[in-house]
Amino acid sequence: MRWWDIDPVLELERDLFPEDAWSRGMFWSELAHARGPEANRRYVVAETGPRIVGYAGLVATGEQADVQTIAVARELWGKGLGGRLLAELLRAATSFECAEVMLECRVDNVRAQKLYERFGFEPIGVRRGYYQPGNVDALVMRLTTPENSAQGTEING
């Protein structure tokens, strides 16, 4: 993801997450940490022609990485794009030498939970009222072998 991707990403973000969409500033801040020798973030986009149809991001701190976001345009749900984006983030976690990857997922997003479970993530707890302003709980999930889960899947931009 580059700075010029922020506007189309925001459009998709607002469609998919209307209650708790990230702001332009949040994306700018994340991208500021994705370049250079001190980079500890990886953000990617998926495109169909000129249109961005998905994006994902990860932050690495020490031996732990955290999936910050994964989003796929509604018309592409169930087509494997979410899995390709997740695999790319897991490859990034491996390149950052992270031993585990964490994420939060809305408790009502069963579709996403099934994706994460296919990659080996396991539920480890719940964060009450994590998603605001809707006051929706988050399921906390962890993967302890990101290098094994990322193999064999590639993302095409």
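What are the pairs with Cβ atoms under 8 angstrom where one residue, in region 14-42, is under 23 Å from residue 135 (Cα atoms) and free of Cβ contacts under 8 Å to residues at least 12 places away in the same chain and the other, located anywhere, is open to solvent by less than 50 Å² (accessible area, probe 1.4 Å) and outside any helix (DSSP H, G or I)? Sequence gap at least six, or different chains.
These pairs meet every condition: 14/21.
Among the listed residues 45, 59, 9, identify the single one that is within 20 Å of residue 104 (Cβ to Cβ) and touching an Asp or Glu at 6+ places or on another chain (Cβ under 8 Å).
Going through 45, 59, 9 in turn, the sole match is 59.
Looking at region 126-147, I want the residues that are under 12 Å from residue 116 (Cα atoms) and have a partner that is assigned to a loop (DSSP other than H, G, I, E, B) and open to solvent by less than 40 Å² (accessible area, probe 1.4 Å) with Cβ atoms under 6 Å, at least 6 apart or on another chain. Which pairs are those?
141/121; 143/120; 143/121
Please go through region 21-65 and pick out each residue that is surrounded by fewer than 15 Cβ atoms within 10 Å (Cβ to Cβ) and part of a strand (DSSP E or B).
Scanning region 21-65 gives 47, 48, 51, 61.
Which one is farthest from residue 47 (Cα to Cα), of the residues in region 62-95 that are of a type in the set (Lys, Arg) and without any contact (Cβ under 8 Å) to a residue 60 or more places away in the chain?
So the residue we want is 91.
Conditions tested, residue by residue: (1) over 15 Å from residue 70 (Cα atoms); (2) at pLDDT below 95; (3) among the small types (Gly, Ala, Ser).
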| site | (1), (2), (3) |
| --- | --- |
| 81 | no, no, no |
| 109 | no, yes, no |
| 123 | yes, no, no |
| 146 | yes, yes, no |
| 149 | yes, yes, yes |
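For region 96-115, how many residues meet the condition of being crowded, with 17+ Cβ neighbours inside 10 Å and either without any contact (Cβ under 8 Å) to a residue 12 or more places away in the chain or part of a helix (DSSP H, G or I) (or both)?
Selection size over region 96-115: 3.
Confirm whether residue 93 is assigned to a helix (DSSP H, G or I), out of contact with any Pro (no Cβ under 8 Å at 6 or more places or on another chain) and aliphatic (A, V, I, L, M).
The answer is no for residue 93.
The values are calculated or read from the model by the stated rules, or taken from the named source; none is laboratory data. What you see is a predicted model, and the numbers here were worked out from it, not measured in a lab. Backbone-built Cβ (ideal geometry, glycine too); neighbour counts: all protein chains shown. Remember, those area values only see protein heavy atoms, side chains included, never the ligands or the DNA or RNA. Shrake-Rupley method; radii C 1.70, N 1.55, O 1.52, S 1.80 Å.
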